[in-house]
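Structure first, commentary second.
The values are calculated or read from the model by the stated rules, or taken from the named source; none is laboratory data. Remember, it's a predicted structure, so these values are computed and weren't measured experimentally. FYI the Cβ positions are ideal-geometry reconstructions off the backbone, even for glycines, and counts take in every protein chain you see. With ligands, DNA and RNA removed, areas are computed over all heavy atoms of the protein, side chains included. Shrake-Rupley method; radii C 1.70, N 1.55, O 1.52, S 1.80 Å.
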Amino acid sequence: MTGILLRSLAVTLLIETLAALLLGLRRRHALTVVWLMNLVTNPPVVFAVTLCRKLWPVYAPPVTALCEVLAVAAEYVLLRRCVPLSRRRAAVAAVVLNLASYLAGCLLSV
């Protein structure tokens, strides 16, 4: 399980850093927030989804969706509080960053 968590976190940090740069989040402080928020949200999401896939595969899609929605919400709040972003820009950033890393994870796990 540790290997999955570390690989997922590494891919997430890489993809979301690149996506943040493309969204214009170039200051060191903003990128640090992106890294820290992923250190908080990625491991619980990956753990919950991986555990669900192994124990209750039929529930994996809704659990995955719920975990991703909660991660986006948490990251929105962190971006709003820690980086001076408008509500709209924080919402777009939270969705785009998570979508990018989710899709990268889907492609790598095929």
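Projected label points at His29 and Ile4, each 7 Å from Cα along the beta carbon direction, are separated by 3.8 nanometres.
Sorted from greatest to least, the principal axis extents spanned by the alpha carbons of the chain come out as 41, 23, 20 Å.
Where does the longest stretch of the chain lie that holds no trypsin sites (Lys or Arg not before Pro) found in a DSSP loop with 14 or fewer other Cβ atoms within 10 Å? Here the longest run is 28-110. Net charge near Met1, counting Lys/Arg +1 and Asp/Glu -1 over other residues with Cβ under 14 Å of its Cβ? Taking every other residue near Met1 into account, the sum is +3.
Summing Lys, Arg as +1 and Asp, Glu as -1, what charge do residues with Cβ under 14 Å from the Cβ of Ala60 carry, Ala60 excluded? Taking every other residue near Ala60 into account, the sum is +1.
Of the solvent-accessible surface of the chain, computed with a 1.4 Å probe over protein heavy atoms with every protein chain present, carbon and sulfur atoms account for 72 percent. What value, in deg cm²/dmol to 500, does the helix sum -39500 (n - 2.57) over DSSP H runs of n ≥ 4 give at 222 nm once divided by the residues of the chain? Only helices count here, giving -30000 deg cm²/dmol.
For Val34, neighbours were defined as the other residues whose beta-carbon sits under 15 Å from its Cβ, and their charges (Lys and Arg +1, Asp and Glu -1) total +4.
If R0 is taken as 22 Å, the Cβ-Cβ distance between Ala65 and Val96 corresponds to a FRET efficiency of 0.80. On a per residue basis, the chain carries 63 Å² of accessible surface, using protein heavy atoms and a 1.4 Å probe.
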